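What follows is a set of notes on a single structure, which appears directly below.
The values are calculated or read from the model by the stated rules, or taken from the named source; none is laboratory data. Predicted model only: the values in this text are computed from it and were never measured. So basically every Cβ, Gly included, is an ideal-geometry build from the backbone, and we count neighbours across all protein chains shown.
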Amino acid sequence: MKASRLEGKTAVITGACGGIGSVACRTFCEEGAAVLGVDVAEEAGIRLETDLRAAGLDFAFYPCDVASSADANAVALVARERFGGLDILLGSAGTILGKPLVETSDEEWDRVISVNLRGAFLAMRALVPLMRARRASIINVASGLGLVGAPQMSAYCASKGGLVLLTKAAALELGPAIRVNVLCPGVIDTDMPRALAGSLPAEVGRNLVQKWEAAHVAKRLGTPEEVVAVAVFLASDEASFVTGAAIPVDSGITAA
């Protein structure tokens, strides 16, 4: 039988109820980790906890707004009480905004930056002290649009580009005890891009999805499982020589 790659490890996963986050919670547990999942969507989090515990997995949910410093500190207290120390932080919380730069309000800009960039900073700041005594791994989830630009995505690109460089700086600062890497997915078939396309007139939305599909070498959207598979590798001891990396999981969308 194949050994579980995360056996005996402890993990906090932000954005636990999202398309990537919920798959990560299940997969990390199935790989042997004890997982604390956090998300602002409390009802969905409780359902996730019920489902995973019913499957015999070591999972607990805690409500958290990642943009809140107080909430991040509360998660650290819960993680300390539950685990004692922490091996893995997977930061998958995120939000998206597709809007022309000149039409983006202060509030919209602040929300995207707060969730996508400030949230990752707050989580690392709060949880790194639990990780110093262990060989630990932080994996942030950015986007291919943290590596390249796109029209009408200024706030999102700024937040994800900032997350890429925050990750690289943290890797240099926190190593060698803690490895820090960032995933840069292409368009993944989850509620977030589907909602963005659905907010447009029907034909425009369909054309946008087709454009996304065509931009990938695979000529389709990615799946959460394909992103999580790379996250499991980075969380495992197999990735012991990998830090400071921004890894596209995008079927070549940023290769051109």
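Which of the numbered conditions does Ser159 fail, given that it passes all the others? Conditions: (1) touching a strand residue (DSSP E or B) at 6+ places or on another chain (Cβ under 6 Å); (2) within 20 Å of Asn116 (Cα to Cα).
Unmet condition: (1).
Being buried (at least 17 other Cβ atoms within 10 Å of the Cβ) and part of a loop (DSSP other than H, G, I, E, B) narrows it down to one residue among Ala76, Ala93, Ala72; which is it?
Ala93
What's the total number of residues in the range 96-152 that are among the aromatic types (Phe, Trp, Tyr) and closer than 20 Å to Ala195 by Cβ?
Number satisfying all stated conditions: 1.
In this structure, does Ala218 turn out to be small (Gly, Ala, Ser), in contact (Cβ under 8 Å) with a residue 12 or more places away in the chain, surrounded by 15 or more Cβ atoms within 10 Å (Cβ to Cβ) and out of contact with any His (no Cβ under 7 Å at 6 or more places or on another chain)?
no
Quick one: in the range 100-155, which of the residues that are part of a loop (DSSP other than H, G, I, E, B), surrounded by 15 or more Cβ atoms within 10 Å (Cβ to Cβ) and free of Cβ contacts under 8 Å to residues at least 60 places away in the same chain is farthest from the chain's Cα centre (by Cα)?
Thr104
Can you tell me which residue is farthest from the chain's Cα centre (by Cα) among those in the range 1-40 that are more than 15 Å from Leu52 (Cβ to Cβ) and among the charged types (D, E, K, R)?
Lys2
Between a first residue in the range 83-95 that is of a type outside the set (S, T, N, Q) and a second residue that is surrounded by fewer than 20 Cβ atoms within 10 Å (Cβ to Cβ), which pairs have beta carbons less than 7 Å apart while being 6 or more apart in sequence or on different chains?
Once the first residue is of a type outside the set (S, T, N, Q) and sits in the range 83-95, its partners that are surrounded by fewer than 20 Cβ atoms within 10 Å (Cβ to Cβ) give Phe83/Ala34; Gly85/Ala133; Gly85/Arg134; Asp87/Arg134.
Could you say whether any residue in the range 192-213 is aromatic (Phe, Trp, Tyr), over 16 Å from the mean Cα position of the chain (by Cα) and surrounded by 13 or more Cβ atoms within 10 Å (Cβ to Cβ)?
Yes - at least one qualifying residue is present in the range 192-213.
Check whether at least one residue in the range 232-243 is of a type outside the set (D, E, K, R) and closer than 17 Å to Gly144 by Cα, and report yes or no.
The answer is no; no qualifying residue exists.
Can you name the number of the only condition in (1) surrounded by 15 or more Cβ atoms within 10 Å (Cβ to Cβ); (2) in contact (Cβ under 8 Å) with a residue 24 or more places away in the chain; (3) part of a helix (DSSP H, G or I) that Arg179 fails?
(3)
I'd like the full set of residues that are free of Cβ contacts under 8 Å to residues at least 24 places away in the same chain and among the small types (Gly, Ala, Ser), limited to the range 200-215.
Ala202, Gly205, Ala214
Do the conditions hold for Val164, that is, is it without any contact (Cβ under 8 Å) to a residue 40 or more places away in the chain, assigned to a helix (DSSP H, G or I) and either loosely packed, with under 12 Cβ neighbours inside 10 Å or within 15 Å of the chain's Cα centre (by Cα) (or both)?
The answer is no for Val164.
For residues in the range 72-99 being of a type outside the set (A, V, I, L, M, F, W, C) and within 20 Å of the chain's Cα centre (by Cα), which is modelled with the lowest pLDDT?
Residue satisfying both the conditions and the ranking: Gly98.
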